[in-house]
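The values are calculated or read from the model by the stated rules, or taken from the named source; none is laboratory data. Keep in mind the model is a prediction, meaning the values are calculated, not measured. Neighbour counts are summed over all protein chains in view; Cβ atoms, including those assigned to glycine, are modelled from backbone coordinates with ideal geometry. We work out accessible area using only protein heavy atoms, side chains counted, and drop any ligands, DNA or RNA first. Shrake-Rupley method; radii C 1.70, N 1.55, O 1.52, S 1.80 Å.
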Amino acid sequence: MTTATSLITALAVVHWVSGLIVLAEALNKLERTAPCRRGLRARDRITEWLKAIAWALLAVGGAGALITPLLPLEQPTLQDACVLLGFATLIVRTRVKEG
């Protein structure tokens, strides 16, 4: 195995694991988001909708990272892996901080 192949494999593993973390957290947050609940002021409702949209997009991105190894046409780029790893790191940091 060459160095380039090892780096590509490591990048794919980081991308996949980060995607799993992001997907799990996104689904958790989406479950607790309720933009249609009664009694919300307009500003709070907009905030809830934006939060739901953001977590839904992150869930799609995380799920995409999980299926990337099954798609022979697409390999994760360094940029893709860095974005997912950044979000995964923030998620793990928050969980560690919460205890």
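Quick check on my filter: what residues within the stretch 9-46 are among the hydrophobic types (A, V, I, L, M, F, W, C) and exposed (fewer than 15 other Cβ atoms within 10 Å of the Cβ)?
Within the stretch 9-46, the subset among the hydrophobic types (A, V, I, L, M, F, W, C) is 10-14, 16-17, 20-24, 26-27, 30, 34, 36, 40, 42, 46.
Those that are among the hydrophobic types (A, V, I, L, M, F, W, C) and exposed (fewer than 15 other Cβ atoms within 10 Å of the Cβ): Ala10, Val13, Ala24, Ala34, Cys36, Ala42, Ile46.
When only residues in the stretch 1-46 that are touching a residue at least 60 places away in the same chain (Cβ under 8 Å) and among the β-branched types (Val, Ile, Thr) count, which is farthest from Leu84 (Cα to Cα)?
Ile8
Quick one: which residue in Val96, Val83, Val92 is open to solvent by 100 Å² or more (accessible area, probe 1.4 Å), under 29 Å from Leu7 (Cβ atoms) and either out of contact with any strand residue (DSSP E or B) (no Cβ under 6 Å at 6 or more places or on another chain) or not in a helix (DSSP H, G or I) (or both)?
Val96
Give the residue that is least open to solvent (accessible area, probe 1.4 Å), with candidates limited to residues of the stretch 71-80 that are within 19 Å of Thr5 (Cβ to Cβ) and part of a helix (DSSP H, G or I).
That would be Asp80.
Picking from Trp55, Trp49, which residue would you name as being open to solvent by less than 90 Å² (accessible area, probe 1.4 Å), free of Cβ contacts under 8 Å to residues at least 60 places away in the same chain and aromatic (Phe, Trp, Tyr)?
Only one candidate qualifies: Trp55.
Got a number for residues in the stretch 58-70 being more than 12 Å from Leu23 (Cα to Cα), surrounded by 14 or more Cβ atoms within 10 Å (Cβ to Cβ) and hydrophobic (A, V, I, L, M, F, W, C)?
0
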